[in-house]
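Encoded as structure tokens, the structure appears first; notes follow it.
A short reminder: the numbers here are calculations on the coordinates, not readings from a lab. Keep in mind it's a predicted model, so treat the numbers as computed, not measured.
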């Protein structure tokens, strides 16, 4: 039990190695499933432990910080772990048939290995208490992600992967430079130590530069407008399993990095008030929301539409952070959680459509309300959640976000955000119309789609409704995390 | 039976009916029976609730608590009971009408139709019973979504475009304005419960409260206040049973019900009487009344004419709420019932004319009274109710409304109401008069009586009788609306 913090990171790493050595396709899938099951179990346990003892600290190898690497799990980390491992579990169930269909046989073992590496990397980022460690895990997850994206069937997947590689490496390098500056000025890489030593040197150009580098670097990975260029292609051309997992997790972890560095390390006062980051986030967040939504309306490829929609949703989260208030941060964390449920549902539904039609163009989806009723019903639930219809998780996020905006007396912005929901209504409505109200393009045969994929899809879809009607858990964890974050600043 | 159980039954019965309809897809007669049984049981339960409920001891049933401090809950109060009774009575009647209409018209997708009807009634009942703004908003949005398949029923391009207009206007106003107003109310007062006397008094500057009222009224797109009224004529592309129940009863009444409920239980009548924006909104309602009447006079298409008449009549109720006087609240609430019966009769008649005589335009109806005497007589009586003449129920609400404008010392709106009655006479009563007394345009008319399909005719007779009964036996309704403001 005490070793759970390190086990949750190490297990996927080891599992990856084992799967590559085993070189069996079914075996690789099974290992992935077991690993994600264990990690999910671990994250629930860690969440419960965090709720009792506030922060869990674990030193790797018994070497004490600041020389040794410390793993620090607070409520925010626990929240990220839940999202990561939950998505990983559902994606593993989904992957059995999806990977069989989409990935060439000779690459499937490597696929699962890379997936496990991505999981290991993202989990590592969430639990580590050492700044340089963040960079290491970031690179582990990023490099594996580039590999995964390139395995997409479409020829443009390679280009998309390369584009993401270029931009992602720049992002990671910026973060590294920022960490380097911090190390030079404070002499430590341990996050706790950094948060104590930084205020003394905060007024130097080096630290200000460090802040800027880290923020931009994280911003690239988070697809903050205008650093978002890699996302549409990466999501569109990657295999369904990959786009689902990325949409639910990757950009959120980048936002986590931003939050962790800004609030825990630099401190809210420095980040949001001295550096005028609150206004920057408000501005870029709003532009992200509007730009992402408007672009989404004009897409004919539904996967690309959802990719732009993700940019808009990240905009909501950044906007909420930019409010620099307790309600704002809570709304942001809540939406990080809820959005993974929403996008998980939507991308999994698209994956099922791709499974059957080898395309996610809108024209292909004509009439599938009748031929793929379960898939479309789940898509509908996800879509309603994205719009923010009451009764869904998306509504809960929207509620808290608008409340936070009104608390800050920014009611024109609140109106703008709500009108952006109308844009969401338009592009989701387009898909619903084509699916339910256009004639079926092929015969009215109800083709069998794999049950594992449907089951995973519906777990995601139903959790939208569950967390939409009962926000105790999601709100509770978010509030706890925010209390710890704001209380942590020295 | 406990009150909580009655609440739950009121919500569950339409849902079970919907499931039953889906299951009986292959057997149309059984399917229709399920709908009728569902409607009658619901009416029975609502009537039971009406007789056993004591408004001095309100009963709340909390269903869920999605947010900290906010719940989805049901609580009955007099205004909600008016709405529930109206919708509960008219659902089985409309189902009866629909059976005649859909079969005579050889409509497709009838199972989808009856299912969507049933779940729309579920949403309507949830609106009527809602205990707070969150529940109301959830049910309101559900109503928009559940009625969409009914609006686009025909599946034609025109129907789809109408569906987009419908969805677009209603969801833009509800998400953009109404949700904003609700969240703002919560952040100002910390509660969303409907409370006698309102919750907003003194919580913010009058300018802010005035703006909040504007957001609420414009946010309720279903009340079709100009300029957010376009969805109503667009929705006329739906089959007539849809137009009658939803756009004479459920959807539009949900809109004005919301405005009335917000005025009485969130703002409070006293606060409304002090707000400038209430005055301007009542003027806008007056403008809507007159301009919608003028547009109606120029429409040859029967359903379009009735659509604009509905827009006009809805603004009667909005006007009544914005006057800020007790008699206004009574008048508006009474008009919810009176107008529902009258308008549904008119739509029933129009549908009957379409199915039996295949006519859709006013200009084609000269002399049709000879072929469809019962229908046109019903049309006449219902029109007189809308105009507000005794012995029809509409006279009570019209009278009370005139009284309310005088109580609020607003002579302009008094004139608006009187002029509007004249317009109603012209564009509504004119139709049956020409039907009976003018020479037939179409020579086919002289070939004997060809009335509406039987089931539809029975429905027409029931609702027409309702208009008459509501005049003579108005006391129960009067007592009910008197209790809204203690």
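Based on the alpha carbons, how large is the Rg to Rh ratio for segment A:163-254 when Rh follows Kirkwood?
The Rg/Rh ratio comes out at 1.09.
Normalized C-alpha radius of gyration of segment B:244-370, against 2.2 N^0.38 Å?
Values: Rg = 16.6 Å, N = 127, 2.2 N^0.38 = 13.9 Å.
My calculation over the Cα atoms of segment B:244-370 gives 1.20.
What is the percent of Cα-Cα separations in segment A:1-110 that go past 15 Å?
The calculated P(r) of segment A:1-110 puts 67 percent of pairs beyond 15 Å.
May I ask for the equivalent-ellipsoid semi-axes of segment B:78-225, computed as the square root of five times each C-alpha gyration tensor eigenvalue and listed largest first in whole Å? Could the numbers behind the result be given before it?
Details: eigenvalues 232, 69, 22 Å².
Listed largest to smallest, the semi-axes of segment B:78-225 are 34, 19, 11 Å.
What list of whole percents do you get for P(r) of chain B, with Cα-Cα distances grouped in 20 Å bins up to the one holding the largest distance?
Final binned percentages: 26, 60, 14, 0.
How big is D, in µm² s⁻¹, for segment A:229-269 by Stokes-Einstein at 25 °C and 0.890 mPa s if Rh is the Kirkwood radius over C-alpha pairs?
Once the numbers are plugged in, D ends up at 213 µm²/s.
Along its three principal axes, how long is chain A when you only count alpha carbons? Whole Å, largest extent first please.
Principal-axis extents of the Cα atoms in chain A, largest first: 71, 57, 41 Å.
Give me the log10 of I(q) over I(0) for segment B:189-249 at q = 0.15, 0.28 Å⁻¹, as the Debye formula computes it from C-alpha points; what are the numbers?
The Debye formula, applied to the Cα set alone, gives -0.65, -1.17.
Quick one: helix A:108-127 against the long Cα principal axis of chain A, what's the angle to the nearest 10°, folded into 0 to 90?
For A:108-127 against chain A, the angle is about 40 degrees.
Can you give me the orientation-averaged projected area of the convex hull built on the Cα atoms of segment B:397-471, in nm²?
Directional mean of the projected Cα hull area for segment B:397-471 stands at 7.2 nm².
Which whole number of Å³ per residue matches the convex hull of the alpha-carbon atoms in segment A:407-472?
Dividing the Cα hull volume of segment A:407-472 by its residues yields 134 Å³.
As I understand it, the value is the acute angle between the Cα axis of helix A:393-407 and the longest principal axis of the Cα atoms of chain A; what does it come to in degrees, rounded to 10?
The angle comes out at about 40 degrees.
From zero outward in steps of 5 Å, how is the percent of C-alpha pairs of segment B:5-135 spread across the bins?
2, 11, 21, 21, 16, 12, 9, 6, 3, 1, 0
Based on Cα coordinates alone, diagonalise the gyration tensor for segment A:297-447, multiply each eigenvalue by 5, take square roots, and list the semi-axes in whole Å, largest first.
Whole-Å semi-axes of the equivalent ellipsoid: 32, 13, 12.
Given N residues in segment A:357-420, what is Rg(Cα) / (2.2 N^0.38 Å)?
Its radius of gyration relative to the 2.2 N^0.38 Å reference: 1.53.
Looking at segment B:139-251, what % of the alpha carbon pairs are farther apart than 19 Å?
The answer is 50 percent, as a whole percent.
Report, in cubic angstrom per residue, the convex hull volume of the C-alpha atoms of segment B:334-486.
104 Å³
Using only Cα atoms, what is the ratio of the radius of gyration of segment A:174-325 to 2.2 N^0.38 Å?
On the way: Rg = 16.5 Å, N = 152, 2.2 N^0.38 = 14.8 Å.
Compared with the compact-globule rule of thumb, segment A:174-325 sits at 1.11.
Jot down the radius of gyration and Dmax of segment B:2-61, Cα atoms only, both in angstrom.
Both quantities, over Cα of segment B:2-61: 14.1, 48 Å.
I need to check one value: relative contact order of chain B, counting alpha carbon pairs closer than 8 Å and at least 6 residues apart, in percent.
15 percent
So what's segment A:152-205 giving for Rg/Rh, alpha carbon basis, Kirkwood Rh from the mean inverse pair distance?
On the Cα set of segment A:152-205, Rg over Rh gives 1.30.
Just to be sure I follow: if Rg is taken over the C-alpha atoms of segment A:242-330 and Rh is the Kirkwood radius over the same atoms, what is Rg/Rh?
1.04
What's the angle, to the nearest 10 degrees (0 to 90), between helix A:326-357's Cα axis and the longest principal axis of chain A?
30 degrees
Using only the alpha carbons of the protein assembly as shown, what is the convex hull's orientation-averaged projected area in square nanometres?
Computing the convex hull of the Cα atoms and averaging its projections yields 39.7 nm².
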